[in-house]
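J.: Before I ask anything, let me first share the structure, which is written out below as structure tokens.
The values are calculated or read from the model by the stated rules, or taken from the named source; none is laboratory data. On a predicted model such as this, the values are computed, not experimentally measured, just so you know. Note: ideal-geometry Cβ built from the backbone for every residue, glycine included; neighbour counts use all protein chains shown. Note: accessible area is taken over every heavy atom of the protein model, side chains too, but ligands, DNA and RNA are not part of it. Shrake-Rupley method; radii C 1.70, N 1.55, O 1.52, S 1.80 Å.
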Amino acid sequence: MIRKATIEDIEPILEITKACASAMIAQGVYQWNAHYPNRAAFENDVLRDELYVLEDNKTRIGCIVISTFMDKEYLPITWLSKNEKNIYIHRLAIHPKHQGKGYAQKLMDFAEQFAQNNKFSSVRLDTFSQNKRNLKFYERRGYQRLAEIYFPKQSTHPFYCYELVW
């Protein structure tokens, strides 16, 4: 079940993202760290009504942010569609013990269906250039890689921007 998150979901979501960060670091992928994702980001997501949680048998196992807000880092990007009526995906996470079971696909299916149902022209996101699993995941879904951006507090390596247009 996918539902809108509440303030009560933030602590369990932080546990999920910390477990994801540890699992990625163990694989040499330094995408998330002590600075990101953080409580303030998730609190803002809840206030903006953009954070969703995935549950299985009442256990929170993942999350996704589906936002209409364009971060300033995205401004220089030459996107495939106009900068109007776009959805931005952030902080997609599935607890490591639940990965590989199609849950990330379910969250992305949900986000893409939400975008189509609400007449958005595209879905945009970024993912870490060193996370080969994520790159493959989005490219298999039809996302096109467009440009690189940098988040210095996270890594010296770039993040790739992707867009899916229908």
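J.: Multiply the residue separation of residue 150 and residue 75 by 0.36 nm, subtract the distance between their alpha-carbon atoms, and state the gained length in nm to one decimal.
T.: That pair, residue 150 and residue 75, stretches by 25.7 nm at full extension.
J.: Residues of region 71-153: accessible area per residue at 1.4 Å, in Å²?
T.: For region 71-153, the per-residue accessible area is 57 Å².
J.: Can you pull out the trypsin sites (Lys or Arg not before Pro) in region 62-158 that DSSP calls coil and that have at most 13 other Cβ atoms within 10 Å?
T.: 82, 85, 101, 119, 153
J.: Within region 1-49, which chymotrypsin sites (Phe, Trp or Tyr not before Pro) sit in a loop by DSSP and count at most 16 neighbouring Cβ atoms inside 10 Å?
T.: On the way: sites: 30, 32, 42; in loops: 30, 32.
Passing both the DSSP loop test and the Cβ count: 30.
J.: For residue 129, enumerate residues with amide H under 5 Å from its amide H, sequence gap 5+ or separate chain, H modeled in the peptide plane.
T.: Amide H neighbours of residue 129: 159, 160.
J.: From the backbone phi of region 9-25, what are the Karplus-calculated ³J(HN,Hα) couplings (6.51 cos²θ - 1.76 cosθ + 1.60, θ = phi - 60°) in whole Hz, Gly and Pro given as x?
T.: 7, 4, 4, x, 5, 4, 5, 5, 5, 5, 5, 5, 4, 4, 5, 5, 4
J.: Another one. Applying 1/(1 + (r/R0)^6) with R0 = 22 Å to the Cβ-Cβ distance of residue 97 and residue 1, what FRET efficiency is obtained, to the nearest 0.05?
T.: After rounding to 0.05, the efficiency reads 0.75.
J.: Determine the distance separating the Cα centre of region 1-44 from the Cα centre of region 63-123; give it in Å without decimals.
T.: 16
J.: While we're looking at this one, here's another question. If you count only protein heavy atoms with a 1.4 Å probe, what accessible area per residue comes out for region 1-53, rounded to a whole Å²?
T.: Values: 2800 Å² over 53 residues.
Value returned for region 1-53: 53 Å² of accessible area per residue.
J.: Restrict the search to region 59-166; then list the GluC sites (Glu not before Pro) that DSSP places in a loop and that have at most 14 other Cβ atoms within 10 Å of their Cβ.
T.: Loop-located and lightly packed - 84.
J.: Mean residue ellipticity at 222 nm from the helices of the chain, using -39,500 (n - 2.57) per DSSP H segment of n ≥ 4 over the full residue count, to the nearest 500 deg cm²/dmol? It would help to have the intermediate numbers written out before the result.
T.: Numbers: 4 runs with 50 residues, N = 166.
Roughly -9500 deg cm²/dmol at 222 nm, from the helical runs in the chain.
J.: Considering only protein heavy atoms and a probe of 1.4 Å, how much of the accessible area of the chain is carbon and sulfur, as a whole percent?
T.: 51
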